[in-house]
Amino acid sequence: MNSELQDLPCNKYGGYSDKHQAVIFIVCLMIQYQIETRQADLEDTSLWDEHIDVEQLLDKDPRAAYRSGAVDALQTKIIRHCRPVIERFGLKSQDKARTLDEYHRMPTCRLRLTQVDGQIQPLVVSGPVSDGWGPNGLHATNFTNIHVPDGIAYHPSTDLWIQLDDDLLPPFIRGEIKSTDGKRYFFKPNDTDEQFLRETNILLKIFELGLARKIRTSNIAALVYTDDRTNIIGVLIEWNDARQIGDMMKTATHDDLARWKTQVLQSVEKLHQNEIVWGDVNLGNILIDADSNAWVVDYGGLYNPRFVDEENCETKVGDLQGVQRVFAHLAWEIDNRLTGASDGAFNHS
């Protein structure tokens, strides 16, 4: 964030704009804000002139617009105009950790910039009020009709702590989280119903079948609930210190790659035997542990078109196609490292 806001711990997590309006989403001092700017309110101001200039840059070359700093500079000015309201509503201090429950229940405030006596002022449209949706869409899904096998643990969101490196609350709560007793977990949030339910149902099936004892894959530790055990806002997965396979390419050999590929194919075969489709074959979803063994993780679905053709998305064929292409890409990376080549790009076709 611009130096003018360094003492105001704000974190942007989204937004959209066109020639007539713009919306920025930020988290600041334990409140999430939706800040709107509209042509009808600001048309005769230098701020709106800058908005039009930025929109023209975005239309021409979005990446260049962001790299130039023009988008960030405009958003910083918009947030600065809202500073009086943010400081009035925000907490005056923050601990270095917050519970997941606090994050989930973070109140939302809608602001709109308008003109009052020729001065740009923030208008409070609504809030702050807790509406059950945390930043980036974190919310609860009722699990009354979801089959949850016996033995699955439930963990309250009030007993899970978000780890902060500074005063900035992250816009996405995904990854390391700790319980009150200090145990580490990997937290997967309920931020998109379809993908979250797909992954959770697969993790529950893996648990019920005992597959996590037979192959190296994600093992669910608990469902995370708020209010009561039917309202699920995420899942806890047993912590794994393994590294993404792509991070191993500086030292990996072709022999390493062959062994890891065999291990991944064995895991995928076991999944397929139990009618489970991995569904998201990707460099980030193959992990290598301290004993140099390969793990298969992440069942959220979707696909990476670099490795899986669209028509094979979330199919057994797609899983196998993806594994072949991922390891072909990694072999190409090793070849480039050994030969000193740096030009060109991998072509999986």
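Could you work out the helix-only [θ] at 222 nm for the chain, with each DSSP H run of four or more residues adding -39,500 (n - 2.57) and the total divided by the number of residues, to the nearest 500 deg cm²/dmol? Don't skip to the answer; put the middle values down first.
Values: 9 runs with 110 residues, N = 349.
Only helices count here, giving -10000 deg cm²/dmol.
Any idea what the relative contact order of segment 138-238 is, in percent, if you count C-alpha pairs under 8 Å spaced at least 6 apart? Don't jump to the answer; show the numbers that get you there.
On the way: 160 pairs, mean separation 38.2, N = 101.
The value is 38 percent.
Summing Lys, Arg as +1 and Asp, Glu as -1, what charge do residues with Cβ under 11 Å from the Cβ of ILE152 carry, ILE152 excluded? Don't jump to the answer; show the numbers that get you there.
Values: positive: ARG229; negative: ASP150, GLU208.
Net charge in that neighbourhood comes out at -1.
Rounded to the nearest 0.05, what FRET efficiency do ASN219 and SER126 give with R0 = 30 Å and r taken as the Cβ-Cβ distance? Could you check? Walk me through the numbers on the way to the answer.
On the way: r = 42 Å, r/R0 = 1.40.
Once the sixth-power term is evaluated, E becomes 0.10.
Which ordering of LEU271, LEU209 is given by a fewest-first count of other beta-carbon atoms within 10 Å? Kindly include the intermediate steps, with their values, before the conclusion.
Numbers: LEU271 24, LEU209 15.
Going from sparsest to densest Cβ surroundings: LEU209, LEU271.
For segment 3-131, with only Lys/Arg (+1) and Asp/Glu (-1) charged at the beta-carbon, what is the dipole magnitude about the Cα centre, in debye rounded to 20? Spell out each step's value before the answer.
On the way: 16 positive and 20 negative charges, 98 e Å.
Its charge dipole is roughly 480 debye.
Using +1 at the C-beta of Lys and Arg and -1 at the C-beta of Asp and Glu, which of LEU302, HIS272, HIS329 has the Cα lying farthest in the positive direction of the dipole of segment 243-339?
HIS329
For the chain, modelled as a Gaussian network with Cα springs under 10 Å, which listed residue fluctuates most, ASP227, ASP117, ASP72?
ASP117
So for CYS109, CYS313, fewest C-beta neighbours within 10 Å to most, what's the order?
With the sparsest Cβ surroundings first, the list reads CYS313, CYS109.
At most 10 other C-beta atoms within 10 Å and a DSSP loop state: those are the exposed trypsin sites (Lys or Arg not before Pro) I care about. Give me the longest piece of the chain that has none. List each step's numbers first, then the result.
Values: sites that count: LYS92, LYS250.
Counting at most 10 other Cβ atoms within 10 Å as exposed, the longest clean stretch of the chain is 93-249.
How far is helix 193-209 tilted, in degrees, relative to the longest principal axis of the Cα atoms in the chain, given as a value from 0 to 90 rounded to the nearest 10?
30
Return one number: the angle in degrees, 0 to 90 and rounded to the nearest 10, between the long axis of the Cα atoms of helix 254-273 and the longest principal axis of the Cα atoms of the chain.
It is inclined by approximately 90 degrees.
Which net charge results when you count Lys and Arg as +1 and Asp and Glu as -1 among the other residues whose beta-carbon is under 12 Å from that of ALA242? Each step should come with its number before you reach the end.
Details: positive: ARG216, ARG243; negative: GLU238, ASP241, ASP247, ASP289, ASP291.
It works out to a net charge of -3.
Determine which lysines satisfy two conditions relative to LYS261: a Cα distance under 25 Å, and not lying fewer than 8 residues away in the same chain.
By straight Cα distance, LYS261 reaches LYS205, LYS214, LYS250, LYS270, LYS316.
Of MET249, LEU111, TRP260, which is farthest towards the positive pole of the chain's charge dipole, taken about the Cα centre with +1 and -1 on the beta-carbons of Lys, Arg and Asp, Glu respectively?
TRP260
Name the residue from ASN190, HIS81, HIS155 whose Cα lies farthest towards the positive end of the charge dipole of the chain, charges +1 on Cβ of Lys and Arg and -1 on Cβ of Asp and Glu.
HIS155
Which entry in [x] 25, 49, 25, 1; [y] 28, 57, 14, 1; [z] 26, 53, 17, 4, 0 is this structure's computed P(r) over Cα pairs in 20 Å bins from 0, in percent?
The calculated read-out lines up with [x].
About its Cα centre, what dipole magnitude does the chain give when the only charges are +1 on Lys and Arg Cβ and -1 on Asp and Glu Cβ, stated in debye to the nearest 20? Show your work: numbers first, answer last.
Values: 36 positive and 53 negative charges, 131 e Å.
Approximately 620 debye in magnitude.
Using a basic spin-label model with each label point 7 Å from the Cα along Cα→Cβ, how many nm lie between ASP72 and ASN240?
3.4
With axes computed from alpha carbons, what is the tilt in degrees of helix 70-81 against the longest principal axis of the chain, rounded to the nearest 10 within 0 to 90?
50
A short reminder: the numbers here are calculations on the coordinates, not readings from a lab. As the structure is a computational prediction, the values presented were derived from the model and not from experiment. A quick note on method: Cβ atoms are made from the backbone with ideal geometry, for glycine too, and the neighbour counts reach across all protein chains shown.
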